[in-house]
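Q: Structure in structure tokens, see below.
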Amino acid sequence: QEDGVMDEPAQAIHGTLIHSVSPTQLQVLPDTLIILSSSGIITHLEQNIPSSRVADSLAEKRIEHIRQTVLSPGQFLIPGFVDTHNHAPQWMQRGLGQGMHILDWLDGITFPNEAKFGDASHAEKVYEKLVRGMLRQGVTTASYYGSLHGEATNVLASTCLGKGQRALIGKCNMNRNSPFFYCEASAEESISATKSCIRHIRTIDPKSTLIKPVLTPRFAISCTAELLQSLGDMARNDPSLAIQTHFNEAQQEIDATLSLFPEFNNEADLYSSFGLLTPHTILAHCTIMTEYEIQELHDLKCGVAHCPTANMTVGGGFMAAPVKEFLRRGINVGLGTDSGGGYSSSMLNAMRHALITSYARDALYPTFEQAKEMGTGGGREALSLEETFYMATQGGAKVVGLDHKVGEFALGKEFDALVIDLRDERSGVNVPLDEDDSMERMLEKFIMTGDDRNIVNVYVKGRLVHGE
Ligand code: GUN
Ligand code: FE
């Protein structure tokens, strides 16, 4: 319990909810009355209350004078989206350099852009727009890579907290193979800046109500062994600390990594030897995976940030991660926009691209043997809409270690939710709604054809952070 007034009812919301109860199963809770405490916790959840009965039902519970929001037909609630992989400073460069190989894109587009965040006032301007933009697209939780700058990353943390976005915040560690204008001078300097960022985050939000730190070695190419080891030591001393990095993203990157660390045959052994693969590790991409590495991720309980947009646009080649196989084995998988590696910061786009890449499996893995060799095993079926929605919400919450708080609607969970509005007068008729559409169909149509015009209200921890 966070504060003494936690159990005080603070607001009531009535509407139909839809969420995932497993990777393959949606659940609709029709006409549900939700009561939230002042700290945004769901204290009451009751189905099948007609909207005309909301006031009476509250009166019967002796709950009066609280804010009441009653949704209309054509509106419904879903859990907020979790973006498990996003580069905050790349908000400025989305759309640039698509089709480039990863290392060329980093040198040509990304590092010059991120270097500008050495100016904290630039960070203030951009991060304000980023967080506003992410919230309006329904991203209630994001796992952010900052730039390498401590001060700018502190600005990011304060901005998320101030605007009410739930976030993991990591200062990028990078002390080699980066241009002179965008490279840390030593492992010590990188570690000391990291510690001071963690301190800042824990000072401004001591109970981690919304934000928490994440160790962020950019990838092994940009970190010396000494730096990776020091980060691994920090994780060992603070075992609940989250870690994020890029993992097996593209062949060019894997080749460069293994030539820098010739003592390893694969990235799983490399990162785990430094103590960086833990149940709190979030690995972005995971496209080129051997059977051995899939098993390692499973055994070490690492989470995967599947970034389908970036896997098709930046990196080198049209890549499809063996997501279906990860799910089949019970590995936690969430979706990441990876903006700006992916041009889009929309989780709806990430969901569509996850589906589309999975439909292209026959082109990508022409034979079952080839699929098996690539570690996809029986995973040649396409993803379902249910699995994709799960990854965008509850799966993502598990990957970032927040499933005890968010990802679904349940008693005791915190209310991170989106009001989806498919009524003509709100959406400008962008979603083709039929009068007899079921809830499942409405969700499917929203995912495939909706956009932020249909995300009219966004709540994080019960607080309205976008909408009116
Ligand atoms: N690998 C190292 N840095 C990055 C980055 O910023 N984006 C992507 N997609 N891959 C990376
Ligand atoms: Fe990335």
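What follows is calculated from the coordinates using simple rules that are stated; it is not laboratory data. Please read these numbers as outputs of a predicted model, since none were measured by experiment. We place every Cβ from the backbone using ideal geometry, glycine too, and count neighbours over all the protein chains shown.
Q: To check you understand DSSP bridge types, tell me what percent of the beta bridges within the chain (both residues inside) are antiparallel, rounded to 5.
A: Roughly 45 percent of the DSSP beta bridges within the chain come out antiparallel.
Q: Length gain on complete extension for the stretch Arg202 to Glu189, per 0.36 nm per residue less the alpha carbon to alpha carbon distance?
A: The span from Arg202 to Glu189 would gain 2.7 nm if fully extended.
Q: If you place +1 on the Cβ of every Lys and Arg, -1 on the Cβ of every Asp and Glu, and leave all else neutral, what size is the dipole of segment 124-255 about its Cα centre, to the nearest 20 Debye?
A: Rounded to the nearest 20 debye, it is 720 debye.
Q: Among Met448, Met351, which comes first, second and so on when ranked by fewest other beta-carbon atoms within 10 Å?
A: Least to most surrounded, the residues fall as Met448, Met351.
Q: Also: Ignoring everything except DSSP H segments at least 4 long, calculate the 222 nm mean residue ellipticity for the chain; use -39,500 (n - 2.57) per segment, divide by total residues, nearest 500.
A: When only DSSP H runs of four or more count, the value is -9500 deg cm²/dmol.
Q: On to the next question. If one takes the longest principal axis of the Cα atoms in the chain, at what angle in degrees, from 0 to 90 and to the nearest 10, does the Cα axis of helix 439-449 lie?
A: With both axes taken from Cα atoms, the answer is about 40 degrees.
Q: Additional query: May I ask for the distance between the Cα centers of segment 14-36 and segment 179-244, given as a whole number of Å?
A: 37
Q: Measure nothing but the geometry: give the 0 to 90° angle between the long axis through the Cα atoms of 120-136 and the longest principal axis through the Cα atoms of the chain, rounded to 10°.
A: Once rounded, the angle reads 50 degrees.
Q: Another question, then. If the label point is 7 Å along Cα→Cβ of Asp452, which residues in segment 311-340 have backbone nitrogen under 16 Å from it?
A: Residues passing the 16 Å test: 337-340.
Q: Using only the alpha-carbon atoms, how far is helix 347-359 inclined from the longest principal axis of the chain? Give it as 0 to 90 degrees, nearest 10.
A: Value to nearest ten degrees: 70.
Q: Here's a follow-up. For an R0 of 25 angstrom, estimate the FRET efficiency from the Cβ-Cβ distance between Gln251 and Gln295 and round to the nearest 0.05.
A: So the FRET efficiency works out to roughly 0.75.
Q: Using modelled backbone amide H atoms (1.01 Å from N, in-plane), which distant-in-sequence or interchain residues come within less than 5 Å of Val214's amide H?
A: Ile169, Gly170, Lys171
Q: Once phi is turned into ³J(HN,Hα) by the Karplus curve 6.51 cos²θ - 1.76 cosθ + 1.60 with θ = phi - 60°, what whole-Hz value does each residue of segment 146-157 show in order, with x for glycine and proline?
A: With coefficients 6.51, -1.76 and 1.60, one gets x, 7, 7, 7, x, 5, 4, 5, 5, 4, 4, 4 Hz.
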